[in-house]
1. Are there any pairs, at least 6 apart or on different chains, whose C-beta atoms fall under 6 Å, with the first in segment 222-246 and closer than 22 Å to Ser288 by Cβ and the second acidic (Asp, Glu) and near the ligand (Cβ under 10 Å from one of its atoms), and if so, which?
2. Evaluate segment 346-367: report whether one residue or more is in contact with an Asp or Glu (Cβ under 7 Å, 6 or more places away or on another chain), over 15 Å from Gly284 (Cα atoms) and exposed (fewer than 15 other Cβ atoms within 10 Å of the Cβ).
3. Return yes or no: is Lys365 basic (Lys, Arg) and within 16 Å of the ligand (Cβ to nearest atom)?
4. Can you go through Glu80, Glu14 and tell me which one is touching a residue at least 12 places away in the same chain (Cβ under 8 Å) and touching a Lys or Arg at 6+ places or on another chain (Cβ under 9 Å)?
5. Output yes when any residue across segment 442-463 is among the β-branched types (Val, Ile, Thr), surrounded by 12 or more Cβ atoms within 10 Å (Cβ to Cβ), free of Cβ contacts under 8 Å to residues at least 24 places away in the same chain and closer than 17 Å to Gly290 by Cβ, and no when none is.
6. Taking the residues in segment 173-185 that are part of a loop (DSSP other than H, G, I, E, B) and crowded, with 24+ Cβ neighbours inside 10 Å as candidates, determine which candidate is nearest to the ligand (Cβ to nearest atom).
7. Does any residue of segment 422-442 turn out to be basic (Lys, Arg) and more than 28 Å from the chain's Cα centre (by Cα)?
8. Only one of Gly103, Gly69 is surrounded by fewer than 23 Cβ atoms within 10 Å (Cβ to Cβ) and either in contact with a strand residue (DSSP E or B) (Cβ under 8 Å, 6 or more places away or on another chain) or within 30 Å of Ile479 (Cβ to Cβ) (or both); which?
Amino acid sequence: MEAKKMYIDGQWSEGSSGKTFDVINPANGEVFAKVFESSLDDTRKAIAAAKKSFYVTREWRDMDSQTRGDFLLKIADAIEAAKDEFAMLDTLDNGKPLREAEGDIDDGIHTFRYYAGLIKAPYGGVYDVNEGFGKMHSYTVHEPVGVCAQITPWNYPFLMAVWKLAPAMAAGNSIVFKPSSKTPLSTVKLFEIFDQVGMPAGSVNLVQGPGSAVGNELGENKDVDMVTFTGSTRVGQGLMRAAASNVKKIGLELGGKSPNVIFADADIDGAVEWAMIGIFFNQGEVCSAGSRIIIEESIKDEFVKKLAAKANAMTIGNPVNNPDMGPLISEAHMNKVLSYIESGKEEGALLVCGGERYTEGECAKGYFVRPTIFDNCTSDMKIVKEEIFGPVVTIQTFKTQEEAIALANDTDYGLAGAVFTSDLTRAMTVIKEIRAGITWINCYNPTFNEAPWGGYKMSGIGRELGIHGLEEYQEVKQININLTPGVVGWYEN
Ligand code: NAD
């Protein structure tokens, strides 16, 4: 099995140690690919290459925005031509159903095209300023930040990479990118395309390996001007500390424990289906998952009955064959999810359905967990407080709108949330009170390239996508021009 290489300074490399790591198919536990692991030395070489590209050769940074945009369009076209291969790679190493992976690739293609256009939009402002020092003209320009390190998780391997790479590249930065070592393959393929379209040497670099070594250096190294990270809150906190080394700019997209609030006047069948999308899409391995259903007491029993019937009817199997749910990412993660389920039972929550590993037929050796619903939950339970990152949802009830809002906000996280009701005034009031960055009314999970994505509270700092996503990768410079050059007369002598 030929191992996949890293990409540093425009060259494919086996790295200084020649060490490789395995990539495992979670549907059957088998190793199906190997990847060369970057050492500290390789990571430093990648950072040095990005630094040289940004500060010395400057080809990407100084390229006019039209030509840079054309590169992004060529990249989008090349991804589109290889769409099936990309989707299969994400399905094989992540375990997501193929049709969901195909959706991710489509979204990624559009993200490149969106930023190819957006980079040509007008930027900056002209400011009418006071004349204390004479007549001045004041305006702003946006400039790339410099060397950007980007680190992504395993749950949306291709899409999380594109959400970071496309805007950072559009803005003219040089990049060192590190995907999760569990799902590195679609990123390798993406860098093959960067190579094919002729991205200037050093402008995009790919390092591989576990976060503790490679990722930490990306946070600590003083030649990195910015670090953006999508992953767990715990690692994000560590990166924030590391980034203090040279006061790097930082972007953090972290975990969540998002409320899905359902009122008695909602369309129940619609709410049931959206709740399923909210918690069981991508096996529940979604940062914005609606993992806490908070429902008006009078309809709870009917809702839970309908939700459980649908959850029990979900197909589970090899993700290549498009079941409703594939396996979880790894054996360790499956065990973590199962241990949360045990803790739910121990703490007195009522297990309505699921609650166990699924090993039927072809699933015998994979890391599958049945869709799980816990009723009678309270805010102090571990399963209600902590991000499980699997197909497990908790049910809590409320009697008043105030109670619903209080329960929704009773969390350290603030990534997402939803409200289901047919009362427009209530919908607008409740959604405004939910302390989260991404919210939905009468739906759950739709995401758009044009709109900003990011969290409040411990769910992160900054925004991806939309115009905000581009501005994250830009510095803003104020330029003031004296329109009456000469002596000001401030000092008497
Ligand atoms: P993780 O934090 O374990 O790993 C994320 C990335 O960080 C990986 O590439 C990993 O190798 C790297 N890493 C690990 N230790 C590191 C260190 N010390 N220094 C630097 N990098 C390090 O997260 P995960 O398990 O891959 O992903 C799941 C988490 O991601 C969940 O908490 C989920 O909510 C979050 N997530 C958030 C969003 C969002 O948009 N807010 C999107 C997707 C996933």
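1. Thr230/Glu253
2. Yes, there is a match, as at least one residue in segment 346-367 is in contact with an Asp or Glu (Cβ under 7 Å, 6 or more places away or on another chain), over 15 Å from Gly284 (Cα atoms) and exposed (fewer than 15 other Cβ atoms within 10 Å of the Cβ).
3. When the stated conditions are applied, Lys365 does not pass them.
4. Glu14
5. There is no residue in segment 442-463 that is among the β-branched types (Val, Ile, Thr), surrounded by 12 or more Cβ atoms within 10 Å (Cβ to Cβ), free of Cβ contacts under 8 Å to residues at least 24 places away in the same chain and closer than 17 Å to Gly290 by Cβ.
6. Ranking the qualifying residues of segment 173-185, first place goes to Ser180.
7. Looking for residues that are basic (Lys, Arg) and more than 28 Å from the chain's Cα centre (by Cα), one finds at least one in segment 422-442, hence yes.
8. Gly69
The values are calculated or read from the model by the stated rules, or taken from the named source; none is laboratory data. Given the structure is predicted, the values throughout are model-derived calculations rather than measurements. Cβ sites come from the backbone with ideal geometry, for glycine too, and all protein chains shown count toward neighbours.
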